[in-house]
Amino acid sequence: MSDVVMKASDLRREYHMGGELVRAVRGVTLEIARGDYVAIVGPSGCGKSTLLNLLGGIDRPTTGSVTIEGSRIDQLSDAAATRFRLHHIGFVFQRFYLMPALTAIENIELPMAEAKIPRDKRVRRGRELLAYVGLEARYGHRPAQLSGGEQQRVAIARALANKPQLLLADEPTGELDAKTGTEMIELLAQVNRDGTTIVVVTHDEDLAGAAHRVVHMRDGVVVDDRRQR
Amino acid sequence: MLAALLIAAFSQSIDSTPPPRPPRTVAIDERLAADAGIHVGDRLLLTPTPGGDVGSAGSGDSVIVSALVRRRADPSEVARAEYRVRMHLDELQALIGYGDRVDRFAVSARGTAGTDSALRRINDAAFGFRAYRSRDIAVETSRTFLVVSRFHRAIGVITIVASAIFLLCIMLLKVDERRRDVAALRLMGISARSIVRSVMVEAALVAVVGSAVGVGLGWLSSQIINWHYRGVYRTPLAFAVVTPGIVLLAVSLSLALGLIAGFVAAQRLVHMSPLELLSGRREERSPAAAATAG
């Protein structure tokens, strides 16, 4: 298998909003190597979240292609793209989006249940992941009983449940205070050291500083692509 | 010996003194007993009119209460407030001076097999009488209740239709409140089918629990209604009954409505893209994109 886990070629995304044509992404080409840690940064409205959505198969490009592990995800049907995300991509959101009625471990079990993993294996893996993110004692707590940082840790554990090759994160420290944000940066770095490729969209300079590679965007195009280490 | 027996028999046959008459007995309405404080064994004075005299034929009689009669659960008797006394027919005739005259009487048949032929024979032979089955009389006297029953059914249907619309709206709103959760699930890779299934399972659970609570409330309400009106009308009649048929209808109807509402609400969500669900706004489609999609 190639060292390139993801390849985006001349990605463009245009849509109409308020009667006007918006060119959110204007010809982005990007290759992400296996095990890399990439931060996409830029001012608000520069198209970085749109790019992340295109890379994750959530949104479809107007033109261009996205290939992950050899699969053209821009050509997949909605159901097939959803299935692909289940097994190959983990998502972490700014607002966590944990299911409020489920406990921490049940939230982590959700993607595994969808992947038809037997219950005993799900519980074992769920506990391992909770221990990995430092929340093994909180497995029976519901999101409302957890702090913001703890919820984001559970969200990361959930994103890693099906052992994805790629973890996409959109402003994962956006809702956290400075101290908790730092802990989250350390956790993401640990996840990357353990072999998961990470692409993170952020305004947080500390988070971007922890990445191996920083892609700067402005007005829908990549203006700088620099490796830090 | 034989002569002695013959003399004794003869002396008995020529004794014209009537044997002592057993006391006349009546059965009275349980309500009358309760209101007037009458008990079994009490002696009463019966007169054909209020305040009538005793002694002269047809004007009154002294009787002993031998039984209390509880009213039947008959809808046609609910509104009848008068007290009732049951007595032997000949004694009643003597009391009211009617003589050999009867307005109506009931014939109890041993089985249903001979009822038709008995009816036919009575109607052929008894000039001036007309015989009916008790069932036919019940139907005739229950026409008012049939109308009331149909009216209730119409109210029930209107209530069900209104509830269905209400349930659908509530379900749509509740599911719509969770569109961000649904979007997150879709982004995680949870299939639309799984989301629809979980919403429908939840809707079914809500419907079953809701209908169980509804049946419980209905049963409790019926007990209160029956307790109240039985007290008002002093009848054992059940005014409100929660039958197994009603329970089955309510549960199956609410389950069906819940499932339909859940399905409609879930379909509405899973047909929107996760991004639309998260942002809450729908992307405007360019004419070219619309043509391609179409």
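The values are calculated or read from the model by the stated rules, or taken from the named source; none is laboratory data. Computed from a predicted structure; not experimentally measured. Counting neighbours? That spans all protein chains shown, and the Cβs are built from the backbone with ideal geometry, glycine included.
Summary of values
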{"item": "Subset of the range A:100-121 [part of a helix (DSSP H, G or I) and within 14 Å of another protein chain (Cβ to nearest Cβ)]", "result": "A:E106, A:N107, A:I108, A:E109, A:L110, A:P111, A:M112, A:A113, A:E114"}
{"item": "Failed item, numbered, when A:G174 is tested on (1) within 13 Å of chain B (Cβ to nearest Cβ); (2) not in a helix (DSSP H, G or I)", "result": "(1)"}
{"item": "Number of the condition not met by A:I40 [criteria: (1) aliphatic (A, V, I, L, M); (2) within 14 Å of chain B (Cβ to nearest Cβ); (3) not in a loop (DSSP other than H, G, I, E, B)]", "result": "(2)"}
{"item": "Some residue of the range B:235-253 being closer than 23 Å to B:A164 by Cβ, assigned to a helix (DSSP H, G or I) and within 14 Å of another protein chain (Cβ to nearest Cβ)", "result": "no"}
{"item": "Given (1) under 30 Å from A:H88 (Cβ atoms); (2) away from every other protein chain (no Cβ under 14 Å), number of the condition B:L185 does not satisfy", "result": "(2)"}
{"item": "Residue count for the range A:4-30, restricted to those that are within 14 Å of chain B (Cβ to nearest Cβ) and charged (D, E, K, R)", "result": "5"}
{"item": "Some residue of the range B:120-137 being touching a helix residue (DSSP H, G or I) at 6+ places or on another chain (Cβ under 8 Å) and closer than 30 Å to A:Y97 by Cβ", "result": "no"}
{"item": "Meets criteria (touching a helix residue (DSSP H, G or I) at 6+ places or on another chain (Cβ under 8 Å), under 30 Å from A:P111 (Cβ atoms) and touching a residue at least 40 places away in the same chain (Cβ under 8 Å)) for B:A164", "result": "no"}
{"item": "Helices (runs of 4 or more DSSP H) enclosed by the range B:120-224 - at least 2 residues per element that are in the same structural domain as B:L237 (by TED's automatic domain parsing) and surrounded by 15 or more Cβ atoms within 10 Å (Cβ to Cβ)", "result": "B:143-177, B:179-188"}
{"item": "Residue list for the range A:71-93, filter: within 11 Å of chain B (Cβ to nearest Cβ) and under 12 Å from A:Q165 (Cβ atoms)", "result": "A:F84, A:R85, A:H87, A:H88, A:I89, A:G90"}
{"item": "Breaking point among (1) at pLDDT below 90; (2) acidic (D, E); (3) in contact with a Pro (Cβ under 7 Å, 6 or more places away or on another chain), for A:D74", "result": "(1)"}
{"item": "Checking A:V66 against (1) among the aliphatic types (A, V, I, L, M); (2) farther than 22 Å from A:G134 by Cα; (3) in a helix (DSSP H, G or I); (4) more than 14 Å from the chain's Cα centre (by Cα), the condition it does not meet", "result": "(3)"}
{"item": "Failed condition for A:Y97, given (1) in contact with an Asp or Glu (Cβ under 7 Å, 6 or more places away or on another chain); (2) at the interface with chain B (Cβ under 8 Å from one of its Cβ atoms); (3) surrounded by fewer than 17 Cβ atoms within 10 Å (Cβ to Cβ)", "result": "(3)"}
{"item": "Looking only at the range A:1-57, and only at residues there that are among the hydroxyl-bearing types (S, T, Y) and closer than 12 Å to A:V199 by Cβ, the one that is surrounded by the fewest Cβ atoms within 10 Å (Cβ to Cβ)", "result": "A:S49"}
